[in-house]
Amino acid sequence: TEEELRRIVDVNVLGSSFVALHAYRTMAEQGHGSILNVVSGAHVGIPGMTAYGLTKGAVASLTYNLAVDAAGTGVSVMALSPVAQTTMGFGVGARADGVQRPQPAEIAPVVVYLMSERARHLNGQVVRFDSHSLSLMDLPNFHTERITDDIDTPEGIARAFEARLSVG
């Protein structure tokens with residue numbers, strides 16, 4: 001419902017934004033600090049998780065953009081996309097490959113590392129961790145060639161997609 005969507009946006013997007021932005025101002029004045037946002041794999045698409053996924057995608061974008069703003073300030077901004085057994089209903093128990101999902105406490109080692117000085121080089125990254133695997137998500141980017149010729153008409157744009165921008 002609209003009310004449910006507003007609630008999840010308030011908590012996940014606005015809550016994360018207010019905390020990160022207020023923390024950033026203080027940390028930037030100090031010249032050091034770490035901000036760790038929490039996102040979800042749902043932001044790249046999980047059936048039945050549209051509202052939740054869109055809010056976590058917004059938090060990932062907050063991470064990317066605040067990290068750009070923080071460059072040179074001594075403040076590091078990262079996001080963690082943890083996989084853990086929770087009471088959300090979706091994803092409780094075993095993963096699709098049969099591996100048991102970790103308990104939330106098993107995520108602690110990556111949090112400790114990401115908040116440490118040793119992780120400063122990860123500014124702007126989304127880290128995926130489930131105690132069984134660790135990876136970095138690719139940052140959003142335009143991975144196709146830039147087409148600049150013959151794109152001034154709908155027909156030219158159609159040709160560009162059909163001939164050069166085909167997806168899969």
For residue 120 and residue 69, extending 7 Å from Cα along the Cα-Cβ vector and measuring point to point gives, in nm, a value of 2.1 nm
Which residue fluctuates the most in the chain, going by a Gaussian network model with Cα springs under 10 Å, if the choices are 33, 124, 156?
156
Near the amide H of residue 83, under 5 Å away, which other amide H atoms are found, from residues 5 or more places off or on another chain, if H is placed in the peptide plane?
129, 130
Given 15 as the ceiling on other Cβ atoms within 10 Å, longest exposed-site-free region of the chain for chymotrypsin sites (Phe, Trp or Tyr not before Pro) in DSSP loops:
1-89
Exposed trypsin sites (Lys or Arg not before Pro) absent: longest stretch of the chain, with sites in DSSP loops and at most 15 other Cβ within 10 Å deemed exposed:
1-94
Taking Cα atoms only, helix 50-70 is inclined relative to the longest principal axis of the chain by an angle, in degrees rounded to 10, of 80 degrees
Note to self, the chain gives a 222 nm [θ] from helices alone (DSSP H runs n ≥ 4, -39500 (n - 2.57) apiece, / all residues, nearest 500) of -11000 deg cm²/dmol
Once residue 142 and residue 103 are pulled to full extension, the length gained, defined as 0.36 nm per residue separation minus their Cα-Cα distance, is 10.5 nm
Long-range share for the chain, i.e. C-alpha pairs more than 20 Å apart as a percent of all pairs, stands at 61 percent
What number does region 1-65 give for Rg over Rh if you use C-alpha atoms and the Kirkwood radius?
1.06
Hey, what angle do you get for helix 16-30 against the long axis of the chain, alpha-carbon based, 0 to 90 degrees rounded to 10?
70 degrees
At what distance in angstrom do the alpha carbon centres of region 19-40 and region 111-143 lie from each other?
16 Å
Under 5 Å from the placed amide H of residue 37, counting only residues 5+ away or on other chains, we find 78, 79, 80
Can you sort 73, 55 by solvent-accessible area, 1.4 Å probe, largest first?
73, 55
Show me the GluC sites (Glu not before Pro) within region 96-168 that DSSP assigns to loop and that have at most 12 other Cβ atoms within 10 Å of their Cβ.
145
Given the whole protein assembly as supplied and a 1.4 Å probe, what does the accessible area of residue 27 come to in Å², nearest 10?
40 Å²
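The values are calculated or read from the model by the stated rules, or taken from the named source; none is laboratory data. Note that this is a predicted model, so its numbers are computed, not measured. Neighbour counts are summed over all protein chains in view; Cβ atoms, including those assigned to glycine, are modelled from backbone coordinates with ideal geometry. These area figures cover heavy atoms from the full protein model, side chains too; ligands, DNA and RNA do not enter into them. Shrake-Rupley method; radii C 1.70, N 1.55, O 1.52, S 1.80 Å.
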